[in-house]
Structures are given as structure tokens and as C-alpha cells.
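Bear in mind these aren't lab numbers, they're just calculated from the coordinates by the rules spelled out. As the structure is a prediction and not an experimental result, all values here were calculated from the model. Using ideal geometry, Cβ is built from the backbone for each residue, glycine included, and neighbour counts are taken over all protein chains shown.
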Amino acid sequence: MNAETPFPERLARERRARLRAERLYEQAQHDLRAMNDHLRAHAFELSGQVIAQRKELGEIKRHADKLEDVNSQVSQDLQLAHFEIDRANLRLREAIDTLQDGFALFDAEQALILANKAYLSVFHNFSEVRPGIRYARLLEVCAHEKLVELGDLSPDEWVFKMLGRLYQPQIQPIELHFTTGVSVRLTDRRVANGDYVSLVSNITDSLRYQAELRDAQTRAEAAVQAKSAFLANMSHEIRTPMNGVVGMAELLTETALDDEQRGYAQTIISSGQALVSIINDILDFSKMDAGKVPLNPTVFDLEKTIHEVLSLLAPTARNKHIELILDYDIFLPAHLMADYGRIRQILTNLVGNAIKLTETGYILVRAVGIGTSGTGHIVTITVEDTGIGIDPEDQGRIFTEFSQVEQTARRRYEGTGLGLAITQRIVTQMGGNIWVDSEPGVGSCFGFTLDLATAHDMPAPEAQELPQDCRSVLLVSDHLISRDILARHLKTLSVNVMSATRKDTVRRHIATSPPDFAIIDQDLTESDPRVVMDKLVERCPATRIVLLCSNLSEIKPDIERHKVFAALRKPVIWRDLLAALQKPATRSISVPEPKGQERVIRPAMRKLRVLYAEDNKVNRLVFTKMLKNMDIELHIAENGRIAVELFNRLAPDIVFMDVSMPEMDGREATHHIRATPAGKTVPIIALTAHALQEEIAHMLEAGMNAMLSKPLKKSELTAALRDHAPPEFTFPED
Ligand code: ADP
């Protein structure tokens with residue numbers, strides 16, 4: 001606008017401008033108010049939010065505070081746990097460090113994780129041996145640094161062998177010998193997580209002890225052997241002069257002596273024999289004490305073995321009027337396997353004791369098969385007597401050595417107290433057991449059970465049958481038990497059995513039904529056997545008489561007079577009786593051998609030719625004198641060589657051979673004789689002072705038929721002649 005513009009216009013314009021400004025102002029004020037309202041509302045809203053957030057913040061803070069508490073508790077616990085872990089680790093480490101044995105743990109890659117001091121001590125000069133080292137490297141250090149003895153292997157071969165061992169499915173322990181002289185047993189185990197654990201035990205001392213022990217054992221065995229040899233020699237040395245003492249005393253009793261002198265001679269004999277049996281016991285016991293009961297199982301006949309023992313002891317029993325009875329289970333096989341020499345020894349001990357400790361009555365030996373085992377038969381053998389018996393409190397200790405029930409002061413019976421201890425050891429060694437059942441004043445029963453293998457490839461036993469003409473048997477005997485045993489056996493063969501003890505019972509029986517056989521016991525107390533036989537011959541001549549006798553020579557005239565069909569020596573063995581009953585009914589008198597062979601007695605046309613080899617002068621004298629009254633042509637050789645020469649020249653019927661002789665001993669001489677045609681079958685009887693079982697076995701192996709032990713007894717010599725000389729020669733009974 002310029003100055004020429006008129007004033008009103010200028011005023012109008014100004015008014016309009018003012019009005020516009022006023023409107024703008026009002027608009028602005030309105031907007032400002034609206035804005036303020038909006039802001040206020042927003043501020044209000046915001047303050048609400050602020051309050052809510054503040055509240056939330058307060059809660060979060062409280063929560064955070066709580067979490068902080070928990071956190072500090074957890075960290076405290078963690079600290080404690082770390083502390084415990086450290087402590088446990090320390091303890092474990094200390095514990096494995098105190099181990100004297102080495103201990104190490106390897107991971108699955110065979111890197112060492114930890115090892116104790118003992119393990120690391122071997123490697124103390126090698127700084128590389130620490131956690132992380134490989135097992136293979138450890139082996140290399142051992143081998144190449146000559147820490148261990150490698151034997152014949154090179155270091156690499158040894159490492160290879162040791163590593164190979166580690167890959168076996170079952171890692172075997174191995175012994176290592178360090179060059180320092182220390183020996184260890186290394187045992188490695190794989191653990192389930194793949195780690196390996198190594199244990200190294202120091203066995204230096206135990207190896208040394210073992211070596212010392214082995215040494216001591218060798219020395220002890222040598223000493224025992226020396227003792228055994230010494231005892232065997234001593235026994236030989238004592239028995240040889242005892243042969244002279246006992247033999248001569250026995251001969252002395254056959255000369256004209258008054259009663260007093262005879263008594264002295266008898267005492268010399270019994271004392272001598274007692275001494276020899278003591279020597280035998282001690283010798284046997286000392287062998288067993290060394291832990292040896294050598295067993296030599298062979299095929300044998302149990303019934304025959306028991307019978308042999310009973311026959312051997314029969315004279316002593318007869319002198320005491322004690323009846324010996326054998327009851328053998330007829331269902332047991334004839335042939336079994338065992339060391340029959342030992343079974344004989346057991347039986348000799350038990351039956352010998354029974355005879356010694358029984359004054360009247362009987363001794364019954366019973367053998368029963370009580371079952372079968374995988375290999376054979378379980379057999380129980382009992383020896384029952386009617387003797388003095390044993391107190392119950394003593395029964396437990398009689399099997400211990402040197403124990404005798406009787407007090408020394410009032411002892412009536414001889415013995416060493418070793419017999420039952422030896423017997424028990426033998427039975428135990430044979431896998432069996434032994435027991436006793438006894439009542440003082442009534443009697444004792446000793447029993448033992450053995451599992452005896454059956455012998456294969458043996459001929460089948462003969463059929464247990466009787467001929468048609470043996471359907472009824474009359475048993476005449478006082479002995480209830482032996483009569484019952486025979487009756488039982490006969491009844492199993494369907495025989496009609498009648499029993500009698502008195503002659504009127506016999507008469508009654510034969511009156512009603514005359515028997516096919518009459519089996520008569522010689523030792524009848526209520527009747528005279530001769531009278532019974534007279535009655536039988538008179539009333540029933542067809543009845544065949546079988547006589548059971550304890551002394552054949554005593555009854556021989558009656559045997560002939562009564563035309564006795566067969567005479568059997570007691571104790572009777574069933575198979576002999578069976579053989580007698582099975583014989584055809586001829587009238588020849590026969591006496592079955594103990595072996596079961598039949599022997600018809602025909603008079604011999606010449607003297608029995610005997611060859612006797614012995615280097616000892618006294619023994620020769622004893623032997624010669626013992627045969628003095630017999631119908632014998634005796635030839636003597638002073639050693640084995642001369643014996644062989646004489647054998648070839650004279651062809652004797654029987655040879656008695658000493659075992660120990662100079663120049664050529666008995667075994668070698670037997671060997672030479674057996675090599676000749678005539679020597680194959682000639683009976684050769686060994687004479688020996690050796691009591692040892694293996695010696696006996698050696699003699700039988702050398703080809704000898706039987707053995708007689710020194711000091712020689714006349715009764716045993718005669719029995720040997722009776723058993724082994726050709727059948728046409730007879731010898732007097734004792
Ligand atoms: P011994 O050599 O003394 O007979 P044993 O060992 O054979 O030694 O026997 C030990 C003891 O057992 C005997 O001394 C005896 O007292 C007792 N004894 C053994 N058998 C019998 C028996 N059949 N009757 C009674 N006592 C017996």
C-alpha cells in the first residue's frame with residue numbers, strides 16, 4: 001500500500017486484516033484448547049499406564065529378588081558340591097596311592113587317564129609317562145629301556161605279544177619279571193564304557209615262598225622216601241632174623257619137650273609173630289602218613305578174596321572155637337575191579353580184630369550189593385562178632401592212630417592201635433566209608449562200603465542151577481546163622497530145605513521124606529556127626545552126604561567110612577557147595593579146592609620135588625626142618641642163578657623162591673624159569689620179608705603165583721603146598 005491510498009480504504013483494509021487476525025487467533029485458541037484437552041486426556045492415560053507399570057515393575061523386582069536368593073543358594077550348593085567332588089577325588093587318589101599294587105586307568109583309546117604312585121614308580125625316570133601316554137608306548141618304554149625281562153623275545157616281539165594279549169576277548173593275567181628283581185602279576189580288564197583298568201600286583205614274595213615251599217616239599221619227599229626205604233630195609237633186616245627165631249621155635253615145639261619148655265617155645269613164637277605184625281603195621285602206617293596209599297585196581301573175585309582171608313584166619317578162630325561164617329550176596333557179579341590186596345588188608349584187619357576180641361560165638365562176614373553206580377556195584381561188607389564190644393564213648397576214637405580202648409594196665413589183647421587207622425585210610429582212599437556199631441558185652445559190627453567197578457570182558461558166571469536129583473536138602477548144623485544162609489541160597493534154587501540140630505529131628509525128617517542131600521556140619525554140639533552120618537547111611541543110602549568141616553584130616557577116616565559125597569572146608573563158600581551139589585552122583589570122595597576146582601585124590605607114585613632158593617643159612621635150615629616129616633624131595637639153591645640151573649636139570653613140581661638174593665635175585669630167576677617150556681606153568685611161590693603192597697604187586701608181575709611172608713610159618717608153608725602142588729600129592733592138615 002502506498003501513501004496515495006486513501007485513508008478509509010486503508011482503515012477498512014486494516015480492519016479486515018485485524019478481523020482476519022482475530023479469526024485466526026480464535027481458531028488457534030480453539031485448536032490449542034482442543035490440543036490441550038487431548039494432551040490432558042493422553043497425560044491422564046499415560047499416568048494410568050505409569051502406575052500400572054510401576055506396580056508391575058515392583059512385582060518383577062520382588063521376583064528378581066527372590067531369584068537372586070535362589071541363585072545364591074544354588075551357587076552355594078554348587079560350591080559345596082565342587083568341594084565334595086574335590087575331596088572325593090583327593091580321597092580316591094590318596095587311597096589308590098596307598099595301594100601297594102599298581103593301578104592305572106586308560107580310556108578307550110588306551111591313553112592313560114590316571115595311575116597311582118606304585119604304578120608310576122617303575123617309570124620315575126621317564127617324564128613322558130604321565131596322563132595321556134598310550135598303553136603301547138608304556139610297553140615300548142618297558143621293553144626298549146630294559147625295564148622287564150623279555151626272555152627269548154626281542155623288544156618289538158615282546159611289545160607285539162603284549163599288545164596282542166590286550167585284544168583277546170578275555171584278557172589273561174600275565175607274570176612280568178622286572179630287571180630290578182621284582183615280579184608282578186599284570187591283570188588288565190576292559191570296562192563296560194570301553195576304558196581299561198590295569199592292576200599290577202607284586203608277587204615277588206609269594207613266588208619266593210612258592211619256590212621255598214617247592215624246595216621244602218622236595219626235601220620232605222626225599223626225607224619221606226629215605227624214611228620209607230629205611231623202614232623197608234629195617235623191616236627186612238628185622239624179619240630175616242625173626243624168621244630164624246620163629247621158625248626155630250616152631251621146630252622146637254615139634255621136639256620132645258616138657259610142658260614148661262613147650263610153653264616157653266610157644267611164647268617165643270607168639271611174641272615173634274606179634275613183633276612182625278607190629279613192624280608191618282608201622283611200616284604200612286608210615287607209608288600212609290606220607291600220604292601214599294598206592295592203589296592198583298585189577299579184576300578180582302570178591303567172594304574168593306573174602307574166603308581167602310577167612311581161610312587164612314580160620315586156624316586161630318578154630319583154636320578159640322569161634323565159628324567163621326561167610327554170607328555172600330549171590331546176586332553180586334563174580335568179577336569186580338579194585339586193589340584186591342588192599343581189600344584183603346582191610347578184611348584181615350577187621351576179621352583179625354574180631355577173632356582177637358571174641359571169646360565165644362561167631363564171626364559173620366556179610367557182603368551185600370546195595371545198589372549200582374554209574375560204573376559198577378556199591379558193596380557193603382560187614383564183619384560182625386559176638387565179642388567184648390566197645391563202649392559208645394570209645395567208638396569215636398578207635399579209628400584214630402595208636403588208640404586202644406583198653407587201658408594199658410588191664411590190657412589182655414595185643415596190638416599197636418594202628419590197624420583201624422590204616423583200615424580207615426585205605427577205605428577212604430578207595431572212595432568208601434567205614435563205621436562201627438557195637439554194644440559192650442554183646443559184640444561189634446564193623447562195616448565199610450565201596451563202589452566197585454564191574455569188570456567187563458569176563459566170562460559170564462556159571463548158571464546157578466541144580467540137577468533134577470537135587471530137589472531136597474537136609475541141613476544139619478548148630479549154627480542158626482550159617483544154616484539160614486545156606487537155606488536161603490538153596491531156596492532161591494527152589495530146593496526144599498529141612499533143618500535139624502539133633503539126631504531125633506534128623507530121624508524124623510528122613511523118616512518122612514529122605515532128602516537128596518544131607519549137608520552136615522562137623523561141629524555139632526548136640527549130636528555126634530558120626531552118629532548122624534551112620535543113621536543116614538543106614539536109613540536112606542541114596543542120600544548124598546556133604547560134610548562141612550573145620551579140620552579135614554581129623555575127619556578123613558569118617559569121610560571114607562561113610563562114603564561122604566563131598567567134604568568142604570569151613571567157612572563154606574557158596575559156589576563150592578553149589579559145585580559139589582552139581583556133581584554127578586558117583587561115589588568118589590572129593591574135596592573141592594578153595595579155587596572152586598574139583599580135585600580127585602589119587603595116590604602119587606613118587607615124592608613131591610621141591611626147589612628152594614635161599615641165600616640165608618638160618619632160613620634154609622628152618623625151611624628144611626619144616627618139611628622134614630613130609631614126603632618131599634628137597635633141592636636147595638643158594639642164589640637165583642643156581643636155582644635156574646637146578647630147575648632146568650631137575651624139573652621140580654614146585655619152586656619156593658626167596659626174593660632178595662646175591663648174584664641173581666628171585667624176580668630175575670623167575671623170569672628165566674618162566675622162559676623155559678617146563679617153567680611156564682610150574683608154581684613159583686615167593687618168600688619175602690618185604691611187607692609193602694607194591695612189593696607184592698612186583699612179585700606177582702614177575703610171574704610168581706603167590707607169596708609167603710617171612711617169618712615163615714609151618715601152617716602157611718603146608719597150605720601153600722596144598723594149594724599149589726600137583727593134585728596127586730597130599731599134605732597133612734595142621
Ligand atoms: P590193635 O592193633 O590194637 O587191634 P586197631 O586199630 O585194630 O588196633 O584197634 C583199635 C582198638 O579198637 C583195639 O585195641 C580195640 O580196643 C578196639 N577194637 C577193634 N576191633 C574191635 C572189635 N571187633 N571188638 C572190640 N573192640 C575192638
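Is there a pair in Lys320/Lys628; Lys535/Lys563; Lys227/Lys617; Lys304/Lys556 whose C-alpha atoms are over 18 Å apart, and which pairs would that be?
Lys320/Lys628; Lys227/Lys617; Lys304/Lys556
Evaluate the relative contact order of segment 103-215 (contact order divided by residue number), counting alpha-carbon pairs under 8 angstrom at least 6 apart; express in whole percent.
With pairs under 8 Å counted, the relative contact order is 25 percent.
Hey, can you grab everything whose amide H is under 5 Å from the amide H of Asn496? Only 5+ residues off in sequence or another chain; H modelled, so Pro and N-termini drop out.
Ser472, Val473
Using the Karplus curve 6.51 cos²θ - 1.76 cosθ + 1.60 with θ = phi - 60°, what ³J(HN,Hα) values do you get for each residue of segment 237-242, in whole Hz, with x for Gly and Pro?
Per-residue couplings from phi come out as 5, 6, 5, 4, x, 5 Hz.
For segment 32-78, compute the orientation-averaged projected area of the C-alpha convex hull (one quarter of its surface), in nm².
3.6 nm²
From the helices alone, meaning DSSP H stretches of at least four residues, give me the mean residue ellipticity at 222 nm for the chain, per-run term -39500 (n - 2.57), in deg cm²/dmol to the nearest 500.
My calculation for the chain gives -16000 deg cm²/dmol from helical runs alone.
Grab the Cα-Cα distance for Glu145 and Val531, subtract it from 0.36 nm times how many residues apart they are, and report the gain in nm with one decimal.
128.4 nm
Just to confirm the number: angle between the C-alpha axis of helix 480-492 and the first principal axis of the chain, 0 to 90 degrees, nearest 10?
Tilt of helix 480-492: around 80 degrees.
What distance in nm separates the simple spin-label points at Glu728 and Leu32, each placed 7 Å from Cα in the Cβ direction?
Simple spin-label model gives 18.0 nm for this pair.
Cα-based Rg of segment 277-388 per 2.2 N^0.38 Å, rounded to two decimals?
Here the Cα radius of gyration is 1.15 times the empirical estimate.
Rule-of-thumb check for segment 62-219: C-alpha Rg over 2.2 N^0.38 Å?
Relative to the 2.2 N^0.38 Å estimate, segment 62-219 comes out at 1.47.
According to a simple spin-label model (label point 7 Å from Cα along Cα-to-Cβ), what is the distance in nm between Ala229 and Glu56?
11.2 nm
For the chain, find the longest principal axis of its Cα atoms and tell me its angle to the long axis of helix 617-626, 0 to 90°, nearest 10.
60 degrees
Suppose the chain between Thr492 and Phe178 were pulled fully straight at 0.36 nm per residue; how much longer would it get relative to their current alpha carbon spacing?
Between Thr492 and Phe178, full extension yields 105.3 nm more.
Return the distance in nm (one decimal) between the two label points of a simple spin-label model at Arg219 and Gln100, each offset 7 Å from Cα along Cα→Cβ.
A separation of 2.4 nm, rounded to one decimal place.
Report the FRET efficiency, 1/(1 + (r/R0)^6), for Thr187 and Glu84, where r is their Cβ-Cβ distance and R0 is 25 Å, rounded to 0.05.
0.20
Using the Karplus curve 6.51 cos²θ - 1.76 cosθ + 1.60 with θ = phi - 60°, work out ³J(HN,Hα) for each residue of segment 669-684 in order, rounded to whole Hz, and write x for Gly and Pro.
Using θ = phi - 60°, the values come out as 4, 4, 4, 5, 5, 5, 6, 8, x, 6, x, 5, 10, 4, x, 10 Hz.
Could you order peptides 96-109, 76-89, 310-323 by the average number of other Cβ atoms within 10 Å of their residues, highest first?
The most tightly packed comes first, giving 310-323, 96-109, 76-89.
What does DSSP give for the chain in terms of the percent of beta bridges that are antiparallel, rounded to the nearest 5?
Roughly 55 percent of the DSSP beta bridges within the chain come out antiparallel.
Under the 0.36 nm per residue contour assumption, what length would be gained going from the current alpha-carbon distance of Ser75 and Ala256 to full extension?
Once the chain is fully extended between Ser75 and Ala256, it gains 53.0 nm.
Once phi is turned into θ = phi - 60°, what whole-Hz ³J(HN,Hα) does the Karplus curve with 6.51, -1.76 and 1.60 give for every residue of segment 277-283, x standing for Gly and Pro?
So the J values, rounded to whole Hz, are 5, 5, 4, 4, 4, 5, 4.
Sorted by packing (mean other beta-carbon atoms within 10 Å per residue), highest first, where do 531-541, 135-145 land?
135-145, 531-541
Quick query: amide H of Leu708 versus all other amide H atoms, modeled in the peptide plane; which residues come in under 5 Å with a sequence gap of 5 or more or a different chain?
Ala686, Leu687, Thr688
Based on alpha-carbon centroids, what's the gap between segment 93-131 and segment 329-364 in Å, whole number please?
Comparing the Cα centres of segment 93-131 and segment 329-364, I get a distance of 69 Å.
Let me have the relative contact order for the chain, percent, based on Cα pairs under 8 Å that are six or more residues apart.
Relative contact order, the chain: 8 percent.
For an R0 of 41 angstrom, estimate the FRET efficiency from the Cβ-Cβ distance between Asp195 and Arg397 and round to the nearest 0.05.
Efficiency, from the Cβ-Cβ distance: 0.10.
Roughly how tilted is helix 340-356, in degrees to the nearest 10 and between 0 and 90, from the longest Cα axis of the chain?
That works out to roughly 70 degrees.
Tell me, what is the FRET efficiency for Arg130 and Leu67 to the nearest 0.05, using R0 = 56 angstrom and their Cβ-Cβ distance as r?
The computed FRET efficiency comes out at 0.80.
Distances longer than 50 Å among the Cα atoms of the chain: what percent of all pairs is that?
Value for the chain: 47 percent of Cα pairs lie more than 50 Å apart.
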